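Just below is one structure, and these are the notes that go with it.
The values are calculated or read from the model by the stated rules, or taken from the named source; none is laboratory data. The model shown is predicted, which means the values in this text are computed figures rather than measured ones. We place every Cβ from the backbone using ideal geometry, glycine too, and count neighbours over all the protein chains shown. In case anyone asks, the SASA skips ligands and DNA or RNA and just uses the protein heavy atoms, side chains included. Shrake-Rupley method; radii C 1.70, N 1.55, O 1.52, S 1.80 Å.
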Amino acid sequence: MTKAVAASQNWTGLLQANSSDKVILGAIDIGTNSIHMVIVEIDPQLATFTIVAKEKDTVRLGERDRKTGKLTPEAISRALEALQRCQALAVSFNAQHIFAVATSAVREAPNGGEFLKQVDNELGLQVNLISGQEEARRIYLGVLSGMEFGQNPYIIIDIGGGSTELVLADRQEERFLSSTKVGAVRLMREFVSEDPISEAELVYLRAYVRGMLERPVENIRNGLAENEQAKMVGTSGTIQALAIVLARETEEGEPNPLTGYQVSLSALEELTERLAKMSYEERLQVSGLSEKRAEIIVPGAIVLVEAMKMLEMEAIALCERALREGIIVDWMLKQGLIGSPFRYQSEVRDRHVRKLAHKYQVDLEYSERTANFALSLFDQLQGKLHFWGESERDLLWAAAILHNSGIYISHAAHHKHSYYLIRNGELLGYTETELEIIANLARYHRKSTPKKKHENYQNLTDKRDRQIVNQLSALLRVAIALDRRQIGAVAKVECQYYGDRQRLELCLSPAFVGDDCELELWSLDYKKEVFEEEFGVKVVAFLDR
């Protein structure tokens, strides 16, 4: 196993070992049109990173089977070859780890999960599938790391192969995140049949794009305060290609760097009209358009122009940083390497878990007591009954806060409702797998234990993830029992584990003088069976007199 794919390493420990050491990381964005990678050198002392290498390969993963919607064997083969090249480049730069995410094409394909398994099996590369909103958040982080926002709010647009992300944000936080299924490859595939595109198809395409963008544009407008003037930033290959074409037609030539370079709406409109009238062969002759980009540039340009017109933006500035740099920034935030103005972002998980709890009227005072008990049990039993780390601890916390969210729908079978609300609640800062784990932990906080026949449990295809759910859901049941009356009757719990006898003693300290915590002890006796079976121990609970 190479350094680049040693997924089991503890990266927090890597930094703590010698905080002055520089860290080499790779970040891969598996998109609908292209696979991008950046390799960066992180300086922990300065909390900055420098891009040392880039790699891009147009693999057209989004060219799926028209009947089944599945990723085609040809597209999968191209993607695997590109990922292998990325991996080799990362190893050549002595990267300690590669972070990879997959977006629209893999999210939507029925065999997307199988593709990710194949990548893991053949290359040893673990790929996280992220939601459209999470993709938008990381694009924001990437842009924020690459340019100064100033006092103005910014509208960020990223036109990919399968989707377009629109973000309203300022230097402190993201105000609105969206991902809409209007990508250049998708539109070309579904709406363009003639070369050059016919006037009828052009009219329909523009109308379709405007219809699809209507809701996110309205939300962005609502997110702006009165008299607040937003600026617009564009990322992605489509926008960069259009800007390069325009720049090469002027005396100044192609700008270097592209970040900060501005193009006007009027110039983009005029260029889009010209490109739409050209055949593919004619577009190939346009300076600044690659062979692959020339195929899809017209739909991509229409998305940009229509979005700018709807948002009443007369100009757009470019930023070369996007999702892959955002992956790096997200990692640095989680390691505590970045302070202000990113501090707000570093609390994104906590903030969005509490936001979802508030939305579904969760009793936060009770849920936080449950979470504190769960984390206390987790910490005291770590290295004795379980061997999970900080990332699993964080998932347990989120599940404990949200485990009762399903009551918002109905108390009956509320554990099942909790699963659905968490899974579809747009919790930011988590990967799809992490969201699945959190939702399953909440699902199994009561009633049935995890079973292979359960569809939600089947969504966890990795044995390790299932084991997390098996063990931590059992632990969560015990934590819930400790506050059976939901009045905070137990002040704390102390664990004493006797390995030679496979015995776990729980000593409960009452919060109120004279309270015998009878209902909590009864609940523990009832709930402990699942815990005992999972960990192979005998649990004995008693009150500290």
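Out of Glu505, Glu533, Glu529, report the one residue that is surrounded by fewer than 17 Cβ atoms within 10 Å (Cβ to Cβ) and either in a loop (DSSP other than H, G, I, E, B) or touching a strand residue (DSSP E or B) at 6+ places or on another chain (Cβ under 8 Å) (or both).
Details: Glu533 fails: either in a loop (DSSP other than H, G, I, E, B) or touching a strand residue (DSSP E or B) at 6+ places or on another chain (Cβ under 8 Å) (or both); Glu529 fails: either in a loop (DSSP other than H, G, I, E, B) or touching a strand residue (DSSP E or B) at 6+ places or on another chain (Cβ under 8 Å) (or both).
Being surrounded by fewer than 17 Cβ atoms within 10 Å (Cβ to Cβ) and either in a loop (DSSP other than H, G, I, E, B) or touching a strand residue (DSSP E or B) at 6+ places or on another chain (Cβ under 8 Å) (or both) holds for just one of Glu505, Glu533, Glu529, which is Glu505.
Of the residues Glu426, Glu455, Glu432, which single one is in contact (Cβ under 8 Å) with a residue 60 or more places away in the chain and over 19 Å from Lys359 (Cβ atoms)?
Details: Glu426 fails: over 19 Å from Lys359 (Cβ atoms); Glu455 fails: in contact (Cβ under 8 Å) with a residue 60 or more places away in the chain.
The match here is Glu432.
Would you pick out the residues in the stretch 185-222 that are touching a strand residue (DSSP E or B) at 6+ places or on another chain (Cβ under 6 Å) and at pLDDT below 95?
Once the filter is applied, which keeps residues that are touching a strand residue (DSSP E or B) at 6+ places or on another chain (Cβ under 6 Å) and at pLDDT below 95, the stretch 185-222 yields nothing.
For the stretch 64-84, which residues satisfy the criterion of being open to solvent by less than 80 Å² (accessible area, probe 1.4 Å) and either of a type in the set (D, E, K, R) or not in a helix (DSSP H, G or I) (or both)? Steps first, answer last, please.
Filtering the stretch 64-84 for residues open to solvent by less than 80 Å² (accessible area, probe 1.4 Å) gives 64-65, 68-69, 71-72, 75-77, 79-80, 82-83.
Answer for the stretch 64-84, where residues must be open to solvent by less than 80 Å² (accessible area, probe 1.4 Å) and either of a type in the set (D, E, K, R) or not in a helix (DSSP H, G or I) (or both): Arg64, Asp65, Thr68, Gly69, Leu71, Thr72.
Considering (1) in a helix (DSSP H, G or I); (2) surrounded by 18 or more Cβ atoms within 10 Å (Cβ to Cβ), say which one Leu177 fails and leave the rest.
So the condition that Leu177 fails would be (1).
May I ask you to say which residue of Leu381, Leu385, Leu375, Leu402 is of a type in the set (A, V, I, L, M), surrounded by 15 or more Cβ atoms within 10 Å (Cβ to Cβ) and within 23 Å of Leu129 (Cβ to Cβ)? Don't jump to the end; show me each part of the working.
Working: Leu381 fails: within 23 Å of Leu129 (Cβ to Cβ); Leu385 fails: within 23 Å of Leu129 (Cβ to Cβ); Leu375 fails: within 23 Å of Leu129 (Cβ to Cβ).
Residue meeting the stated conditions: Leu402.
Would you list the helices (runs of 4 or more DSSP H) that sit entirely within the stretch 241-335 and hold 2 or more residues that are modelled with pLDDT under 95?
Working: elements: 265-277, 280-283, 291-311, 323-334.
Fully inside the stretch 241-335 and qualifying: 291-311, 323-334.
Is it true that Leu427 is touching a Ser or Thr at 6+ places or on another chain (Cβ under 6 Å) and surrounded by 23 or more Cβ atoms within 10 Å (Cβ to Cβ)?
Details: touching a Ser or Thr at 6+ places or on another chain (Cβ under 6 Å): no; surrounded by 23 or more Cβ atoms within 10 Å (Cβ to Cβ): yes.
Spelling it out, it is not the case that Leu427 is touching a Ser or Thr at 6+ places or on another chain (Cβ under 6 Å) and surrounded by 23 or more Cβ atoms within 10 Å (Cβ to Cβ).
Looking at the stretch 284-296 only, could you name the residues that are under 13 Å from Asp195 (Cα atoms) and β-branched (Val, Ile, Thr)?
Once the filter is applied, which keeps residues that are under 13 Å from Asp195 (Cα atoms) and β-branched (Val, Ile, Thr), the stretch 284-296 yields only Ile296.
Applying the selection to the stretch 35-52, what residues are in contact with a Gly (Cβ under 9 Å, 6 or more places away or on another chain) and open to solvent by 10 Å² or more (accessible area, probe 1.4 Å)? Steps first, answer last, please.
In the first step, residues of the stretch 35-52 are kept if they are in contact with a Gly (Cβ under 9 Å, 6 or more places away or on another chain); the result is 36-40, 47.
Within the stretch 35-52, His36, Ala47 meet the criteria.
Which of the residues belonging to the stretch 484-532 are touching a helix residue (DSSP H, G or I) at 6+ places or on another chain (Cβ under 8 Å) and free of Cβ contacts under 8 Å to residues at least 12 places away in the same chain?
Correct list: empty.
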